[in-house]
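**Q** Below is one structure. I have some questions about it.
The values are calculated or read from the model by the stated rules, or taken from the named source; none is laboratory data. This one's a predicted model, so the numbers in the text were calculated from it and none came from an experiment. Because the Cβ atoms are built from the backbone with ideal geometry, glycine has one as well, and the counts that use them run over all protein chains shown.
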Amino acid sequence: MSGDLRDVLEEQRDEERRRAVRALLHRPLLTPRDAGYALVRRHAAHLAQWFAREAGWSLHADAGVARLRKVPGDLSDGSRPARVRDGGARAREPFSRRRYVLACLAMAALDRAESQVTLGWLVDRVVAFAADEEIVRAGIAFTMQDRDERGDLVAVAQLLLSLGVLVKVAGDEQAFVNRRGDALYDVDRRVLAVLLSARRGPSLVDADGHDARLAAVAEDLVPDTQDGRNREIRHAIARRLLDDPVLYYADLTAEQRAYLDTQRGPLLKRLVEGTGFLAEVRAEGIALIDPTREATDFGMPEEGTEGHATLLLAEYLSGHLRDRTGTVPVTAAEQHMATLIAEHSAHWRKSARDPGAERALTAHALERLASLGLVRMENGHVTALPALARFGYAAPTIVGEEKESQ
């Protein structure tokens, strides 16, 4: 084999591996029905070593499922709630505490189920599990008698369908909500078995309080040595670079910042080579940009009324970075959105002109901007973060105009 041909084949292999990495970052659970699954299976051994070395994440891949067990770099980040994008308008809402509890109870029921289940059977099992004293003591009750509760369980079923835990055979979920029918599913036990991503089983944790329990199930056990501590810091930084839109230096601990100051070059080089991302290093932090958008769950800009409104609101808020005010009340953002509606309503959908539409559009835009690390929401105020400046613009400066006119 000639050297040129060998180089071409190696580059093709490396690009396939980068595409597989991006596929897993975008969707950490893949089945044979997903486009990236075949690539992940083909390069599973390399991917397992790369993710373990760079981020401390483990990869399970077999003939039925590929599961990247990601641990978030920031456990306090609540900007990516579960949600389903099909079904009724309410189903598109972020998952509430009730829906998360329902999802856990539904998966516990499926673990004891036959190979096929109906939505009605799942409801009966969830109601039975919800009678547990601990759940009742927590103030959560399910009877599934009203439409909203049935709608919540349908949203859970749709989430499990999107993950591949359930595969629809027949029926319709909306008919169940309306008490006019049922739905039949196959249960994929391989997917169900790898769904939980935790270092320790939640039932083995004795800590009190949500934050303490969350930290316990995600805790990495590392040797009490300098090498072990450095590896823990490196993994924490890599996780945030791979999983979060922006890493701000201000959000790092003193140890993490000191490590990054000395190891930034080699760390970014490995991550860029492994993913195909582009590294942007600024005075305030670092972002890994995905030019292919293959690893991006959502981004900017986007089409449609919400996408345009979000871009315009981003430009408005970025102006507060330039004049250094930084923080504005949410009500001011809503007032500006009302102005934008009046200006652009001819190009936006008709419902944007409905009374109160500015509040819904502002809420959507701020949720998107916060999820992308561009703003921070707190106590009814919006704080523009440095990365938002990329969505601002200023009047052009014309250089050499006088000279050219002479």
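**Q** Taking into account only those residues within region 3-26 that are of a type in the set (A, V, I, L, M, F, W, C) and either closer than 12 Å to Leu47 by Cα or not in a helix (DSSP H, G or I) (or both), which is farthest from the chain's Cα centre (by Cα)?
**A** Ala20
**Q** Report the residue count in region 257-313 for those that are closer than 30 Å to Arg359 by Cβ and in a helix (DSSP H, G or I).
**A** So the answer is 10.
**Q** Could you check region 49-125 for strands (runs of 3 or more DSSP E) lying wholly inside it with 1 or more residues that are under 20 Å from the mean Cα position of the chain (by Cα) and at pLDDT 95 or above?
**A** Numbers: elements: 58-61, 66-69, 116-118.
Per the criteria, 58-61, 66-69.
**Q** Kindly provide the set of residues from region 207-237 that are over 27 Å from Ala108 (Cα atoms), surrounded by 12 or more Cβ atoms within 10 Å (Cβ to Cβ) and modelled with pLDDT of 85 or more, ordered by number.
**A** Across region 207-237, the qualifying residues are Gly228, Arg229, Asn230, Arg231, Glu232, Ile233, Arg234, His235, Ala236, Ile237.
**Q** Please identify the pairs in which a residue from region 290-303 that is over 20 Å from Val272 (Cβ atoms) has its Cβ atom under 7 Å from the Cβ atom of a residue that is among the aliphatic types (A, V, I, L, M) and assigned to a loop (DSSP other than H, G, I, E, B), counting only partners at least 6 apart or on another chain.
**A** That search, which allows pairs on different chains as well, returns Met300/Leu372.
**Q** Go through (1) within 21 Å of the chain's Cα centre (by Cα); (2) surrounded by 14 or more Cβ atoms within 10 Å (Cβ to Cβ); (3) assigned to a loop (DSSP other than H, G, I, E, B); (4) of a type outside the set (D, E, K, R) one by one and return the number of the condition Leu160 breaks.
**A** (3)
**Q** Then there is this: Just checking, which of Leu24, Leu47 is buried (at least 20 other Cβ atoms within 10 Å of the Cβ) and closer than 21 Å to Phe298 by Cβ?
**A** Details: Leu47 fails: closer than 21 Å to Phe298 by Cβ.
On inspection, the qualifying residue turns out to be Leu24.
**Q** I need a count of the residues in region 178-206 that are surrounded by 15 or more Cβ atoms within 10 Å (Cβ to Cβ), closer than 24 Å to Met144 by Cβ and free of Cβ contacts under 8 Å to residues at least 24 places away in the same chain.
**A** 1
**Q** How many of the residues in region 341-394 are of a type in the set (Ser, Thr, Tyr), surrounded by 14 or more Cβ atoms within 10 Å (Cβ to Cβ) and over 27 Å from the mean Cα position of the chain (by Cα)?
**A** 1
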